[in-house]
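Below: one structure, written as structure tokens.
What follows is calculated from the coordinates using simple rules that are stated; it is not laboratory data. On a predicted model such as this, the values are computed, not experimentally measured, just so you know. All Cβ positions, glycine included, derive from the backbone under ideal geometry; neighbour counts span all protein chains shown.
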Amino acid sequence: MRPDIKRTTRIRGTTAEIDQRAKELRHNPTSAEALLWARLRGHQLNGYKLPMSGATRQWAAWRRRQHPLGQFITDFCCPACRLIVELDGPIHLRQIQRDQDRTQHFEKFGYRVIRFTNERVEHDLDNVLKEIVVACQQ
């Protein structure tokens, strides 16, 4: 076996190319992605460190950003909540059908998808976080 080839079983139809692209996206986030991730990572939300027991255990799962799921890459994924958060920049105004296809693809895996514009994340972050909390509690 060549040591430079990763030999793993791919989950949910990902490919080596998709995994590599996700890694690249994690290293080059948009300003909105970086801003939201700073508030989601480390079990934080709305500036508070959440406990890791009981009803809030799902917050531990917000460790996934730019997570491959089949042929698409999610912006933020919380498997425990079965929730995906997608951030939409200006290009998304020109790819409405592609975004609908992505949402349907994620829903086939049992996830709910909520979307926010980059502008909203940058200018109304507290309310975006509140909506994420509500979605996780549903």
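Structure data summary
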quantity: Looking only at region 104-132, and only at residues there that are in a loop (DSSP other than H, G, I, E, B) and at negative phi, the one that is nearest to the chain's Cα centre (by Cα); calculated: TYR111
quantity: Within region 91-121, tally of residues that are over 20 Å from CYS78 (Cα atoms) and surrounded by 15 or more Cβ atoms within 10 Å (Cβ to Cβ); calculated: 2
quantity: Failed item in (1) out of contact with any strand residue (DSSP E or B) (no Cβ under 9 Å at 6 or more places or on another chain); (2) without any contact (Cβ under 8 Å) to a residue 24 or more places away in the chain; (3) over 19 Å from TRP37 (Cβ atoms), with GLY110 passing the rest; calculated: (2)
